[in-house]
Amino acid sequence: MLSGKKRGLQSIEFLQAPIISSSASVAGPLESKSSWAEDFDWIMEDYLLGESSWERTETKVLQQVIQIALDKQQLSFEDIEVFLAGDLLDQIISSNYTARELKTPFLGLYGACSTMAEAILIGAMLVEGGFFTRLVAAAGSHHYTAERQFRFPTEQGVQPAPYSQWTATAAGALVLEAQGNGPRVSSITIGRIVDMNQKDANNLGAAMAPAAADTIHRHFLDLNRDSDYYDLVVTGDLGLVGQDLLEELFVQQGVVPKPNISDCGVLLYDGIPEVNAGGSGCGCSACMLCGPLLKKMYRGDLQRLLFVATGALMSPTSTNQGESIPGIAHAVAIEI
């Protein structure tokens, strides 16, 4: 027997849509040079913030972005019933250590760059299902921790490939509630693994684009919506290479007319030439959503947003063993 909320194969439409009552974003020194700087709640003055390692800094930033989101609603950690978060590091240590400080029930998630969407959709189901009334979803990343783990320590000065992406030093957090004022999470589509046998760990946009196309196409089919239903469909993070590939896949799949689409990895580094094909990392899409995009919704500039965060689910071990890169994408519909 199908749930009264389930739509099609992979989607859920909420009958009592959870509300995003507050959100916050943090951007690193490079990310703050973009045209979105005024929409970030806090800009890091440097990459260490007085800590002894980049990993400690990543944890500090995640804690700070949650605190900012709570302060906007005059909430404390004790007001949060459950905390959902993830990051890129082995055993999601930044999220674990943040949860250690919050001392609240914790669900640690790993979806690579799709983690923020995964946290929101699970959180929305928990709230709409009546299990919790208020929770926090968050994700973050740090350029130097990710480079050390997945590629080469930056001290080695390895020249990146021109189609590679820059892991963002950034974070985002939002408060989901059963009641209140703010944009609503109206529906979700849970993604499935799509693997096109792409093995180049520098070309993550190509690895993730097929999953993004699959989830977006399925979202429209499951919910019986036209492809121009949303004011904006934003992926994260395909970068320039993956975004071009996504548009080709739309043609193959018959997604016509093409939705008004952009990508967080492209938007975050608007006008910054140092990043090659654009941005990536858990914090990239989390920062763009919880900063500029939700602020556009609060101002009324956007009414309907489909947030489709994408993840490349590989590890350094699997890459070194020649495994292909599984891609996934989760979609979250946010509406006024």
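With label points built 7 Å along Cα→Cβ from the Cα atoms of SER53 and LEU249, find their separation and express it in nm.
3.5 nm
Nearest 5 percent is fine: what portion of the DSSP beta bridges confined to segment 72-221 is antiparallel?
If we restrict to bridges inside segment 72-221, about 50 percent are antiparallel.
Taking neighbour Cβ counts within 10 Å as the exposure measure, how do CYS287, CYS282 sort from fewest upward?
CYS287, CYS282
Once you have the Cα-Cα distance between THR317 and GLU81, take 0.36 nm times their residue separation minus that, and quote the gain in nm to one decimal.
Working: separation 236, 0.36 × 236 = 84.96 nm, distance 3.58 nm.
Once the chain is fully extended between THR317 and GLU81, it gains 81.4 nm.
Name the most mobile residue of THR145, THR235, THR317, meaning the one with the largest mean-square fluctuation, in a Gaussian network model of the chain with Cα contacts below 10 Å.
Among THR145, THR235, THR317, the largest mean-square fluctuation in the Gaussian network model of the chain belongs to THR317.
So if I place +1 on the C-beta of Lys and Arg and -1 on the C-beta of Asp and Glu, and nothing else carries charge, what would the dipole magnitude of the chain be about its Cα centre? I want it in debye, nearest 20. List each step's numbers first, then the result.
Working: 22 positive and 39 negative charges, 147 e Å.
Dipole magnitude for the chain comes out near 700 debye.
DSSP beta bridges in the chain, what fraction antiparallel, as a percent rounded to 5? Present the calculation step by step, with values, prior to reporting the outcome.
Working: 37 of 57 bridges.
Once the DSSP bridges in the chain are tallied, antiparallel ones form about 65 percent.
Considering the Cα trace of the chain, what is its radius of gyration and what is Dmax, both in angstroms?
Calculated on Cα positions, Rg and Dmax stand at 18.2, 57 Å.
For THR104 and ALA161 in the same chain, what is the full-extension length gain: residue separation times 0.36 nm, less their Cα-Cα distance, in nm?
16.4 nm
Under unit Cβ charges (Lys, Arg +1; Asp, Glu -1), what dipole magnitude, rounded to 20 debye, does segment 210-303 have relative to its Cα centre?
So the dipole magnitude of segment 210-303 works out to roughly 320 debye.
Of all trypsin sites (Lys or Arg not before Pro) in segment 82-178, which ones are in loop regions per DSSP and have a Cβ with at most 12 other Cβ atoms within 10 Å?
Here the sparse-neighbourhood loop sites are LYS103.
If you line up the Cα atoms of segment 176-239 on their principal axes, what length do they span on each, largest first, in Å?
Projected onto the principal axes, the Cα atoms of segment 176-239 cover 45, 25, 20 Å.
Ranked by Cβ crowding within 10 angstrom, fewest neighbours first, how are TRP42, TRP166 ordered?
The most exposed by this proxy come first: TRP42, TRP166.
From the gyration tensor of the Cα coordinates in segment 60-189, what semi-axes in whole Å does the equivalent ellipsoid have, largest first, with each one equal to sqrt(5λ)?
Largest first, segment 60-189 gives 30, 16, 12 Å.
Taking every pair of Cα atoms in segment 240-336, average 1/r, invert it to obtain the Kirkwood radius, and report Rg/Rh to two decimals.
Taking Rh as the inverse mean 1/r over Cα pairs, Rg/Rh reads 1.00.
Please check: in the Gaussian network model of the chain (C-alpha springs, under 10 Å), which one of ILE216, ILE66, ILE193 has the largest mean-square fluctuation.
ILE193
Between ALA277, ALA37, ALA124, find the one with the highest GNM mean-square fluctuation for the chain; connect C-alpha pairs within less than 10 Å.
Per the Cα network of the chain with a 10 Å cutoff, ALA37 tops the list.
Quick one: net charge around GLU323, please, counting Lys, Arg +1 and Asp, Glu -1 for every other residue with C-beta under 13 Å from its C-beta.
That sum, taken over residues with Cβ under 13 Å, equals -1.
A short reminder: the numbers here are calculations on the coordinates, not readings from a lab. If you're wondering where the values come from, they're calculated on a predicted model, not measured in any experiment. All Cβ positions, even for glycine, are placed from backbone atoms using ideal geometry, and neighbour counts span all protein chains on display.
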